[in-house]
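First comes the structure, then the notes that go with it.
No lab work stands behind these numbers, since they all come straight from the coordinates. Computed from a predicted model, the values in this text were never measured in an experiment. Note: ideal-geometry Cβ built from the backbone for every residue, glycine included; neighbour counts use all protein chains shown.
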Amino acid sequence: MKYSEALLKNRSMEEAQSLQFKMVDEITKEFTDNEFYQLGDVGLHPDFGRPQTTAKAERVLARVFDSEACALVRGSGTGAIRLILAELVAAGDTCLVHTAPMYMTTKETFRQLGLKQEAVDYNDLAAFKSAVAATEAKLVYVQHARQAPHDTYQLGEVIEAAKTIRPDLPVVVDDNYCAFKMPKIGCEYGADYSTFSGFKLLGPEGIGVIVGKAAAIERLHARNYSGGGPSTRP
């Protein structure tokens with residue numbers, strides 16, 4: 001098949017079951033008795049600056065994906081991407097991106113945030129390594145799902161190369177359509193942050209998930225304390 005190397009490997013049935021069991025196990029550590037079946041709180045808990053139920057759900061997802069922290073936000077996967085980028089870079093900053101056409105809402109997010117793009121072909125690992133070593137970009141942005149039919153780059157290899165050459169350079173991965181489906185998501189390969197839509201995990205529509213390093217996620221929680229912010233209010 002012409003584009004056989006472009007196909008992403010799915011989890012096996014056994015791997016999917018194992019992850020589901022892990023998630024259920026983590027849920028039982030946070031939600032006891034019949035608590036899981038309740039609507040949850042809707043106010044700002046003084047210990048968390050957000051509903052306690054939200055904080056519990058975030059801890060579950062952080063552990064499921066072996067990450068330091070998690071934030072549940074408004075705006076689905078696009079909102080998650082926009083918010084974590086806003087924490088890591090500022091208007092006028094440059095991000096290293098793949099040469100293939102960018103997903104439409106991601107492109108609009110870059111425009112809204114005033115971010116510049118430095119494009120390199122992620123399919124050419126040698127060229128990518130050279131770009132990372134020489135770049136003045138403030139962040140590496142990677143889309144897990146294929147942006148073009150001929151894409152063959154392996155997410156784990158791209159992340160490993162970036163973090164080996166420039167461990168100081170944050171790596172953000174768009175894991176929409178891949179979370180719970182592929183063997184691992186970006187943060188499990190060593191990226192700093194992964195983002196995806198909660199509804200793609202059969203969660204509520206409109207909720208985005210950010211998992212990764214605690215530093216930026218804690219800042220995000222603090223800056224979105226107000227009920228008018230994009231943090232969730234389940």
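Using only the Cα atoms of segment 47-223, build the gyration tensor, take square roots of its eigenvalues as a ≥ b ≥ c, and label the shape rounded, prolate or oblate: rounded if a/c is under 1.5, else prolate if a/b is larger than b/c, else oblate. Because a/c hits 1.5 or more and a/b exceeds b/c, segment 47-223 counts as prolate. Derived scalar couplings between HN and Hα for segment 93-102 equal 6, 9, 10, 7, 9, 6, 6, 5, x, 7 Hz in order, rounded to whole Hz, by the Karplus curve 6.51 cos²θ - 1.76 cosθ + 1.60 (θ = phi - 60°), x for Gly and Pro. Simple point charges give the picture: +1 on the Cβ of Lys and Arg, -1 on the Cβ of Asp and Glu, and for segment 47-223 a dipole about the Cα centre of about 440 debye.
In the elastic network of the chain, a GNM with C-alpha springs shorter than 10 Å, the most mobile of 19, 83, 96 is 19. Axis angle, to the nearest 10 degrees, between helix 52-64 and the longest C-alpha principal axis of the chain: 40 degrees. Of 71, 86, 148, the residue with the greatest mean-square motion in the GNM of the chain, using alpha carbon springs below 10 Å, is 148. By the rule of a C-alpha distance below 22 Å, with chain neighbours fewer than 8 residues away ignored, the lysines paired with residue 29 are 56, 213. Once C-alpha pairs closer than 8 Å and six or more residues apart are averaged by separation and normalised to the residue number of the chain, the relative contact order reads 28 percent. Look at 29, 163 and count the other Cβ atoms within 10 Å of each Cβ; fewest to most, that gives 29, 163. Across 211, 64, 172, mean-square fluctuation computed from a Gaussian network of the chain (C-alpha pairs under 10 Å connected) peaks at 64.
Phi angles across segment 75-80 convert, under the Karplus curve 6.51 cos²θ - 1.76 cosθ + 1.60 with θ = phi - 60°, into 3J(HN,Hα) values of x, 6, x, 5, x, 5 Hz, Gly and Pro given as x. 3J(HN,Hα) along segment 108-119, derived from phi through the Karplus expression 6.51 cos²θ - 1.76 cosθ + 1.60 where θ = phi - 60°, amounts to 5, 4, 4, 5, 4, 7, x, 8, 9, 10, 10, 8 Hz, with x in place of Gly and Pro. Under a model in which nothing but the beta-carbon of Lys, Arg (+1) and Asp, Glu (-1) is charged, segment 86-135 shows a dipole of about 60 debye around its Cα centre.
Put +1 on the Cβ of each Lys and Arg and -1 on the Cβ of each Asp and Glu in segment 114-234; which of 180, 212, 225 then has its Cα farthest toward the positive end of the dipole? Farthest towards the positive pole: 225. Backbone amide hydrogens, once placed in the peptide plane, bring residue 117 within less than 5 Å of 95, excluding anything fewer than 5 places away on its chain.
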